[in-house]
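Beneath this line is the structure, given in structure tokens, with notes to follow.
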Ligand code: MN
């Protein structure tokens, strides 16, 4: 390699490392030293290794660590683990070396991350109920393992471009099937949305780009409508001396696409492309009272639809989501969804509990432990047992598609109602021509058998 090029890369690595430190924003010297040590260790382990794009491999763990620190809001231990997460698997530096240099806890988390990889990608494995339970068990032992894994997946999805088409499809399918529901369950709404949008971009590129283009084309209209809509409410809120912010929140491309499919309507007929969000700054004790005050002011100007009132302030969702939603009749006789919440609720809703803890300025590891315990409690409470998580997985699937697995655990997407024979043909026409039946989860079934989500299918063929 040219000397100049190597210099540019070195500069870029330092730039990315500094950016990690900036989003992490800690002043603790000992923690900084530990992260530096992990960075140096990862640099050495991944030296001379490149990603498919040709970039130095170290970009990846650095970016994953930056997501962990900034977008999820985790601390030192997680940042160190993110930097080291691919070391044990892909390089000559094995787990004992990590244990010796970084201690038992970090080695345990990295081991957990590697095991999840094997559950998903390893030979002979499949993404079935048993594996979800295993993942869930890890989840209840230490939520950080799953959060770092989500950051890893998010960066892989952001950099999926250079991979071969079939890899893109496989990784995107897993993202829909497993990672987006996990992010949802952990209350990481922004990450969940980005994962879904990226997965759609690779599985349904035409639909994705068409919706993206229409969203852009109609944005000026929405801005005009929004300004007119909020004008009288804004005046009243100011009049009462409230501190607030009002935003337009567009639905994600994936949610729009899902709605178009489920309701069989074109983009133009979706009435709730956007919601108007009121975020108020109030002390914790006054949250409920003040949110309802905003409700009252909005409904002074616009008629609410009583069947569409959702009060997740009195009873928060199981993933921690709190907000007050109403649908009101705006000017032009159009229904408009309005969300009312406090700054604290918004932070939790968009970025999860960890980000909220960070926002509150609690940066010590003990503050983080408190947060992780809280998330675990939420996960373990009420209906949030493994059956609940399974429901989430099912809920998140498209209604018109099913996912089935080969005996080796490869994932295939098929239209709902697909039979054993359809599956055989989708693999290869030669296999379809010779198919006489199949074993589904070990049981013999005929070629007409209608496949269900999560089935593991072994095609049986007539011998030549
Ligand atoms: Mn990775």
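No lab work stands behind these numbers, since they all come straight from the coordinates. Given the structure is predicted, the values throughout are model-derived calculations rather than measurements. So basically every Cβ, Gly included, is an ideal-geometry build from the backbone, and we count neighbours across all protein chains shown.
With neighbour counts taken as other beta-carbon atoms within 10 Å, the residues 315, 427, 148, 58 rank, fewest first, as 315, 427, 58, 148. Distance between the modelled labels on residue 453 and residue 270, one decimal in nanometres: 2.0 nm (7 Å Cα→Cβ projection). The calculated FRET efficiency for residue 23 paired with residue 434, based on their beta-carbon distance and R0 = 60 Å, is about 0.60. Stretching residue 8 away from residue 231 to a fully extended chain increases their span by 75.2 nm, per 0.36 nm per residue minus the current alpha-carbon distance.
Computed extension length for residue 334-residue 44: 98.5 nm, one decimal, from 0.36 nm per residue of separation with the Cα-Cα distance subtracted. Mark the label point 7 Å from the Cα of residue 416 along Cα→Cβ and return the residues of the range 187-227 whose backbone N is within less than 18 Å of it. No residues fall inside that zone. Computed from the mean reciprocal separation of all distinct C-alpha pairs, what Kirkwood hydrodynamic radius does the range 2-203 have, in Å? The Cα-based Kirkwood calculation yields 17.4 Å.
Here residue 281 and residue 101 are evaluated by their C-beta separation; at R0 = 60 Å the FRET efficiency comes out at 0.85. What FRET efficiency would be calculated for the residue pair residue 33, residue 299, taking the C-beta separation as r and a Förster radius of 60 Å, to the nearest 0.05? So, using R0 = 60 Å, E works out to roughly 0.60.
The Rg/Rh ratio of the range 399-461, with Rg taken over Cα atoms and Rh as the Kirkwood radius over Cα pairs, comes to 0.91.
How many percent of all Cα-Cα pairs in the range 207-358 sit more than 20 Å apart? Everything past 20 Å amounts to 53 percent.
Of the two radii for the range 14-92, the radius of gyration is 0.95 times the Kirkwood radius, both from the alpha carbons; that is the Rg over Rh value. Between residue 315 and residue 221, the contour length at 0.36 nm per residue exceeds the alpha carbon distance by 30.3 nm.
Ordering 245, 350 from the fewest to the most neighbouring beta carbons within 10 Å gives 245, 350. In terms of surrounding Cβ atoms within a 10 Å radius of their Cβ, 347, 250, 104 rank from fewest to most as 104, 250, 347.
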